[in-house]
1. Is at least one residue of the range 188-198 in contact with a Cys (Cβ under 6 Å, 6 or more places away or on another chain) and at pLDDT below 90?
2. Mind listing whichever residues of the range 377-404 are under 34 Å from the mean Cα position of the chain (by Cα) and over 18 Å from residue 422 (Cα atoms)?
3. Just checking: which of the strands (runs of 3 or more DSSP E) contained wholly in the range 218-311 hold 1 or more residues that are within 16 Å of ligand 2 (Cβ to nearest atom) and not aliphatic (A, V, I, L, M)?
4. State all residues of the range 99-114 that are at pLDDT 90 or above and either part of a loop (DSSP other than H, G, I, E, B) or in contact with a Gly (Cβ under 7 Å, 6 or more places away or on another chain) (or both); if no residue qualifies, say none.
5. Name the single residue, out of those in the range 115-139 being at pLDDT below 75 and surrounded by 16 or more Cβ atoms within 10 Å (Cβ to Cβ), that is farthest from ligand 2 (Cβ to nearest atom).
6. I'd like the full set of residues that are more than 22 Å from the chain's Cα centre (by Cα) and under 27 Å from residue 246 (Cα atoms), limited to the range 173-186.
7. List the residue pairs whose Cβ atoms are under 7 Å apart, where the first residue sits in the range 235-260 and is in contact (Cβ under 8 Å) with a residue 24 or more places away in the chain and surrounded by fewer than 15 Cβ atoms within 10 Å (Cβ to Cβ), the second is small (Gly, Ala, Ser) and part of a loop (DSSP other than H, G, I, E, B), and the two are 6 or more positions apart or on different chains.
8. Collect the residues in the range 412-440 that are outside any helix (DSSP H, G or I) and either outside the structural domain of residue 333 (by TED's automatic domain parsing) or within 14 Å of residue 459 (Cα to Cα) (or both), keeping them in residue-number order.
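The values are calculated or read from the model by the stated rules, or taken from the named source; none is laboratory data. Model, not experiment: these values are computed from the prediction. Please note: Cβ atoms are built from the backbone with ideal geometry, for glycine as well, and neighbour counts cover all protein chains shown.
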Amino acid sequence: MKMDRKEPATLLALAIQSLLSNDSAAIHALGEIPRELFIPLFTAAFKGGHKKTLTEMVKTWPFFCLHIGNLSVQKPHGELLKAMVDGLQILPAKNCDSRRPKLRILDLRQDTDCRTTCPAISTKSPVCLYSCVNAKQSMLKIESINSIVTSESETQSSRKAMELLVDLFFDGTLKEREFISSIVNKIKQSLGFLHLCCRDLQIDTFYDCEDILSILDLVCIDNLAIEQASLSEVTTLLSRIVQLDSLSLTKIRFRSLNGDIFRNFLMHLGRMDHLKELNLSSFCLTNHLEKLLRVLPPDLDFLYLPFCEVSPRDFTFLSQCPQTSHLKVLNLSNNPMYWEDFEPFQTLLENLSGTLRHLEINNCLLTDSTMLVFLPALSHCSKLRLLSFASNPITMPTLMTIVQHLMSLMELKYVIYPIPVHCYEGCYSQRQVDRQKLGEVQTQLKMMLQLAGRDDMRCMTYAW
Ligand SMILES: [Zn+2]
Ligand SMILES: [Zn+2]
């Protein structure tokens, strides 16, 4: 027999809502309610934006860990997260009442599949599945920097570092600065008890982030993204990082690709021997791609090179180097490819025929003749799931030929095609689209897919 769980759930939800409608009553109740109720109460308080209650809940949290998990915050560093950081009790007061706070790990990262708290296997030595392996080491490092004197009874082994897990985004906004400064204050107050664990670091502006970067232990960083910085700023940061899974550099300024700064950058990049994903956007590398790729480990999974002014010489290297022989994702959009010899690109596609899942070559000035040259190689990429070649000057007959060939790729589900040149009114470069002509193109492609029994494949387009 199926149990009807709807009614009790509604009653619980009603009780929680009524409790949350009065901040002081909710806070008072925290000392009395059974610990199991903390979890649904936390979820409701978070969703309802009850900042004061959240601060108190963190202070009195009766479990070892607390994860935001899949709860969504409207703005990346909303006030809710700040309220939670404010509630962190690094050194719990000795005269606590019967219910001593147990929280040791506060995880403010979003989009993870984890539960609000990890299941307790043993109450004596609780574990958190997301705890940081570097926490203890990091705590010792901070202690030695601060020369913190510890008494015999407070030796490292008896202490347990508290962990604050957070993805940091520096975008220069006031909200983000307030959030960061509350974290900095907590760390300064913690006398080395708090390990700030940042695994994803994104810097859109270096302005105002020196304070936290100086106290952040970069040993935990797996994913680093930097936008609009100088190459020497990037290199300085990279020199403090041990390993990276992914690196994204956008609009990086540098004077020359022959000087010491670039050599130094390559030296530190070369240490990242677990790197799987490299994104270089608007990073003018003409004829220097080889120098950069050579220092990377073989078998990159993801390579993004949009707006990098890639030259035929760079392409020749791409088609030969082991670093790009097993790519799953390749983005070469916005690199004008108006040269004659497409053999290197063909070779590259042939090399990737067993691994490539996602290819983007939008806005590359690819013409009918060039597309037809590498179409046979493309048709062998049997793992391809997405192909995007929008905004290239291609005619209707060529578009039909391409789609016809692509239909043999059974894994291919998404094709983003260019609007054929005859749909543009007047000059192609002015990009005025005749909607009626475009509608006819869409109908024809749809019919083609239906006839071939490829209803699972979606063809779409957009004006650049
Ligand atoms: Zn946990
Ligand atoms: Zn850590």
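1. no
2. Across the range 377-404, the qualifying residues are 377, 378, 379, 380, 381, 382, 383, 384, 385, 386, 387, 388.
3. On the way: elements: 223-227, 246-250, 277-281, 302-304.
Strands (runs of 3 or more DSSP E) meeting the threshold: 223-227.
4. Quick first cut of the range 99-114, residues at pLDDT 90 or above only: 103-109.
Scanning the range 99-114 gives 103, 104.
5. Of everything passing the filter in the range 115-139, 139 is farthest from ligand 2 (Cβ to nearest atom).
6. Matches in the range 173-186: 181, 184.
7. 251/282
8. Step one: of the range 412-440, the residues outside any helix (DSSP H, G or I) are 412-420, 424-427, 431-434.
Selection gives 412, 413, 414, 415, 416, 417, 418, 419, 420.
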